[in-house]
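Here is the structure we will look at.
No value in this document is a laboratory result; all are computed from the given coordinates. Fair warning: this is a prediction, and the values are worked out from it, not measured in the lab. Cβ placement follows ideal geometry from the backbone for every residue including glycine, while neighbour counts extend to all protein chains displayed.
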Amino acid sequence: MSSHILYEQPLNERMRTFLRLEHLMQQLEQHLQGDTRLDTHGAILTLIELFSLSSRGDLKSELMKELERQIANLSQLEHDPEVDQLRLRTVIEQQRAMITKLHGMSGQVGQELKENDFLTAIRQRTAVPGGTCDFDLPMYHFWLNRPVAERHAQIRAWSQPFVQVEEAIAQILQYIRDSAIPESRTAANGFYQQALDSSKPYQIIRILMPHDAAVYPEISAGKHRFSVRFLRMPSADQRPAQVNEEVEFLLACGTL
């Protein structure tokens, strides 16, 4: 897959949230690789996004429901002779262990950040364009000039509630992504459509394109079918247009 660009389309709101959280945690870690004040500022903004996203509903409950759903689907394979039963039992035990860990988390994920006056002041100013400028938040300016090790340690402490969440999401998404092997498909005139079997728990549509491909996919999906349009962007200041030739791509429909 390293020679391809991966495009993923979640098929329900839960998967949308999980993919966004995964993206933000990766972004946070990337910002923490840098030592400058701007790197730290990027990490803080990402942390605020993580808090905002996780505050929309009961994230811990959604994670446990998804793990329980996966266990139920996996348990149906316990008497399938074509399935590696040892591997299956290991996966189910890992899912149950993760549920136990999540049960052990007290309160809402990131609740501590909601009660943090320092982060609240920054979060309120992010609604204003350029609102985190030095003269707007002298306290924040002072903190950004503290030693980098001190800044990183503080951010990692603030982001600790999301580490368990990240582990759970990584486990959930790994099994969904591994549930389908990418297969070759052809889009005639830059368009492809496929029905979805409603009896199967489809979660994510995955499309892989070569890095040197001159087109990209735009995926639209519903409960019963999905379609893909392949677009070409002539230049950054022009609207993309659907291609009218055949496009070869790899497709995987993650279901678990």
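Before moving on, here are some points about what is shown:
- Residues THR100, THR46 in ascending order of nearby Cβ atoms (within 10 Å, fewest first): THR100, THR46.
- The stretch 182-255 shape via C-alpha gyration tensor axes, a/c threshold 1.5: prolate
- Total lysine pairs under 27 Å (Cα atoms) in the chain, excluding pairs fewer than 8 apart on one chain: 10
- Where labels lie 7 Å past Cα in the beta-carbon direction, separation of LEU231 and ASN244 in nm: 1.9
- Relative to the longest principal axis of the Cα atoms of the chain, helix 13-31 runs at roughly 50 degrees.
- In the chain, helices alone account for a calculated mean residue ellipticity at 222 nm of -15500 deg cm²/dmol, with every DSSP H run of four or more residues adding -39,500 (n - 2.57).
- For the chain: relative contact order, % (alpha-carbon pairs under 8 angstrom, 6 or more apart): 26
- Rounded to the nearest 20, the size of the Cβ-charge dipole of the stretch 61-135 about its Cα centre is 200 debye, with Lys and Arg at +1 and Asp and Glu at -1.
- Mean-position separation - Cα centroids, the stretch 108-142 and the stretch 11-35, in angstrom: 20
- Viscosity 0.692 mPa s, 37 °C: Kirkwood-radius Stokes-Einstein D of the stretch 1-102 over Cα pairs, µm²/s: 200
- Base-10 log of normalised Debye intensity for the chain (one unit scatterer per alpha-carbon) at q = 0.07, 0.10, 0.11, 0.17 Å⁻¹: -0.33, -0.66, -0.78, -1.26
- When each of the peptides 66-75, 30-39 is scored by how many other beta carbons lie within 10 Å of its residues on average, the order from highest to lowest is 66-75, 30-39.
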